[in-house]
Amino acid sequence: MRCPYCGSEDSQVKDSRPAEDGNAIRRRRICPDCGGRFTTFERVQLRELMIIKKTGRKVPFDRDKLLRSFEIALRKRPVDRDRIERAVSGIVRRLESSGETEIPSEEIGLQVLEALKSLDDVAFVRYASVYRDFSHAEDFEKVIAEISAKIARDPGE
């Protein structure tokens, strides 16, 4: 593993342990050249996924980009990092086990919306405003009315 600090081609594993409910291995590494310490994660990848953008362009699936989308929507919200990781891992597992190697970006967006709906209403509205391309205050009002109706139906959630 290449050192992120000095670019050395060699690093030593100092500690390994399960992460993400056993779906990944967390490795603490040290660079013998500069002494830098860093963490890597090793995950099983069932198949190489390609994302089909709205323009028709195909790009490789990037788990980190998916995670960043959640982090942006959940910025300054009281949601535990483990819950975010579980949501991302769940989406990745569903995508990989779907049997498809090319997945429309809209499908991923819908899965993110569903996950955010169960994590945090504010993050859901934030993500929906970008994903659904809100352009007027009425767009926000509709989504907030949907959430309010859900809360009225299921007050225990």
Going by the alpha-carbon gyration tensor, a ≥ b ≥ c the square roots of its eigenvalues, is region 34-141 rounded (a/c under 1.5) or, if a/c is not under 1.5, prolate (a/b greater than b/c) versus oblate? oblate
Given charges at beta-carbon only (K, R positive; D, E negative), |dipole| of region 65-151 in Debye: 420
Rounded to whole Hz and in sequence order, give me ³J(HN,Hα) for region 91-102 from the Karplus expression 6.51 cos²θ - 1.76 cosθ + 1.60, θ = phi - 60°, writing x for Gly and Pro. 5, 4, 4, 5, 5, 5, 8, 5, x, 8, 9, 10
Helix 63-73 axis, angle to the chain major axis (alpha carbon atoms, nearest 10°): 50
Charge dipole (debye, nearest 20) of region 1-43; +1 at Cβ of Lys and Arg, -1 at Cβ of Asp and Glu: 120
What does the accessible area per residue of the chain come to in Å², with a 1.4 Å probe and no ligands, DNA or RNA counted? 64
Is the shape of region 22-87 best called rounded, prolate or oblate, per the rule: a/c under 1.5 gives rounded, else a/b larger than b/c gives prolate, else oblate, with a ≥ b ≥ c the square roots of the Cα gyration tensor eigenvalues? oblate
Determine the distance separating the Cα centre of region 60-111 from the Cα centre of region 1-50; give it in Å without decimals. 21
Ignoring ligands, DNA and RNA, what percent of the 1.4 Å accessible area of the chain is carbon and sulfur? 50
With 0.36 nm assigned to each residue of separation and the Cα-Cα distance removed, Lys65 to Ala149 gains 27.1 nm
Under 19 Å from Lys142, Cα to Cα: lysines that are on another chain or at least 8 residues apart: Lys117, Lys150
Assigning unit charges at the beta carbon (Lys, Arg +1; Asp, Glu -1) and nothing else, what dipole magnitude in debye, to the nearest 20, does the chain show about its Cα centre? 460
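The values are calculated or read from the model by the stated rules, or taken from the named source; none is laboratory data. What you see is a predicted model; the values in this text were computed from it and never measured. Cβ coordinates were reconstructed from backbone atoms using ideal geometry, including for glycine residues, and neighbour counts include every protein chain displayed. Areas reflect the complete protein model, heavy atoms only, side chains present, ligands, DNA and RNA absent. Shrake-Rupley method; radii C 1.70, N 1.55, O 1.52, S 1.80 Å.
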